[in-house]
Amino acid sequence: MTIIIANLVLVLAAGWLFRRFGVVQEGAEKAFNQYLYYLALPALIILKIADTPLGGLGWRFFAVNTLPLAAVMAAAWGLWKAGKIDWRLGRLLIIVSVLGNTVYLGFPVAAMRLGGEAIGYAAIASSVHNVFIFTFGFLLMSVVCERDCPPARFARLIGRSVVLWASVAGLLIAGFGLRIPDLAHRVLSDIGGTTLPLSLFTLGVGLYGKKLAHNLPRIALVSGLKLLLLPALFLLAARAFGYTGFIPRVVFIEMVMPVAVMNYIVAREFDFDEDLVGQSILFSTLAFFPLLYLYDWAMMVFL
């Protein structure tokens with residue numbers, strides 16, 4: 001695990017240092033993100049899901065992928081209903097505390113820890129998370145409202161979610177047993193092969209300049225729900241359903257990922273506190289690396 005963490009940290013640090021010393025100019029991460037989001041990630045997701053057998057996943061796979069998410073969302077809703085937090089923070093928690101960095105960071109960690117064949121199942125798990133968050137999560141968020149809260153404009157966000165639609169395409173190809181033509185398969189493989197190192201490098205570039213100057217109690221609440229409560233609920237669900245082995249371990253790795261960079265897009269669409277979202281991304285990402293030892297131990301013992 002130390003080697004994996006060192007690998008991740010070094011690539012992230014390279015991105016940070018390139019931005020720090022001007023090798024990568026301000027705004028360059030936008031171009032990297034556009035390439036990843038609109039081309040490389042969809043290529044990798046479609047290819048890996050299409051090449052991964054769906055048979056044998058079963059109802060337990062979908063249960064352990066969705067029930068922990070629903071429980072954390074319900075906890076956020078409960079805090080708002082009890083008057084512990086305002087509706088703005090309530091809405092933010094329902095989405096941000098469950099929308100993890102399952103692609104930029106989750107795919108590399110799954111591949112490094114469990115092998116390249118894990119990426120297909122990681123892509124399927126990430127797809128299930130996205131579909132659930134962008135449906136049930138947005139529906140629950142829409143009922144968290146007081147006085148002049150804006151409407152939940154989630155149809156526009158779903159339409160722009162290229163990764164979500166790539167996931168749906170991959171699932172349809174795999175579900176109907178279709179075969180990707182050889183040339184298309186080769187092109188998707190070459191493009192998708194750039195995803196893992198570039199996603200880590202881009203994440204490092206994006207972390208440059210982020211600070212944790214204030215909002216520490218709220219940052220701790222967001223990060224605690226994402227990094228501690230959600231993994232614990234997954235392990236409880238997996239134990240309750242007797243779900244252990246290779247695939248649950250892949251799903252667990254996806255479940256423990258820190259707050260996703262994609263939450264920036266969500267924040268702009270729903271008028272979330274962008275500073276809090278950015279600080280939660282930074283804090284949860286930094287906290288993730290020492291916690292990775294605990295996660296690895298829990299994965300090997302309970303799954």
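F302: more than 28 Å from S142 (Cα to Cα) and surrounded by fewer than 19 Cβ atoms within 10 Å (Cβ to Cβ), yes or no?
yes
If A220 satisfies every condition in (1) at pLDDT 90 or above; (2) farther than 30 Å from G15 by Cβ but one, which is the exception?
Against the list (1) at pLDDT 90 or above; (2) farther than 30 Å from G15 by Cβ, A220 comes up short only on (2).
Go through (1) more than 18 Å from the chain's Cα centre (by Cα); (2) not in a helix (DSSP H, G or I) for M257 and report which single condition fails.
Every condition holds for M257 apart from (1).
Quick check on this structure: which one of A111, A70 is outside any loop (DSSP other than H, G, I, E, B), under 22 Å from P290 (Cβ atoms), touching a residue at least 60 places away in the same chain (Cβ under 8 Å) and out of contact with any His (no Cβ under 9 Å at 6 or more places or on another chain)?
None of the other options fit; the residue is A111.
Among the numbered conditions (1) surrounded by 16 or more Cβ atoms within 10 Å (Cβ to Cβ); (2) farther than 22 Å from T66 by Cα, tell me where L294 comes up short.
Unmet for L294, out of (1) surrounded by 16 or more Cβ atoms within 10 Å (Cβ to Cβ); (2) farther than 22 Å from T66 by Cα: (1).
For the stretch 39-63, give me each residue that is touching a residue at least 24 places away in the same chain (Cβ under 8 Å) and over 26 Å from D190 (Cα atoms).
L57, R60, F61, F62, A63
Here is a list: L10, L36. Which entry is closer than 15 Å to P197 by Cα, of a type in the set (A, V, I, L, M), free of Cβ contacts under 8 Å to residues at least 40 places away in the same chain and in a helix (DSSP H, G or I)?
After applying the criteria, what remains is L10.
Picking from L196, L212, which residue would you name as being aliphatic (A, V, I, L, M), at pLDDT below 85 and not in a helix (DSSP H, G or I)?
L212 is the lone residue from the list that is aliphatic (A, V, I, L, M), at pLDDT below 85 and not in a helix (DSSP H, G or I).
Can you name every residue in the stretch 166-182 that is out of contact with any Leu (no Cβ under 9 Å at 6 or more places or on another chain) and under 14 Å from V103 (Cα atoms)?
S167
Could you go through the stretch 226-247 and let me know if any residue there is touching a residue at least 60 places away in the same chain (Cβ under 8 Å), closer than 21 Å to V163 by Cα, touching a Lys or Arg at 6+ places or on another chain (Cβ under 9 Å) and assigned to a helix (DSSP H, G or I).
The answer is no; no qualifying residue exists.
Filter the stretch 271-291 down to the residues that are free of Cβ contacts under 8 Å to residues at least 60 places away in the same chain and either crowded, with 20+ Cβ neighbours inside 10 Å or over 18 Å from V96 (Cβ atoms) (or both) and list them by number.
P290
Exactly one condition in (1) free of Cβ contacts under 8 Å to residues at least 24 places away in the same chain; (2) crowded, with 21+ Cβ neighbours inside 10 Å is not met by K81; state its number.
The number of the failed condition is (2).
The values are calculated or read from the model by the stated rules, or taken from the named source; none is laboratory data. This one's a predicted model, so the numbers in the text were calculated from it and none came from an experiment. Please note: Cβ atoms are built from the backbone with ideal geometry, for glycine as well, and neighbour counts cover all protein chains shown.
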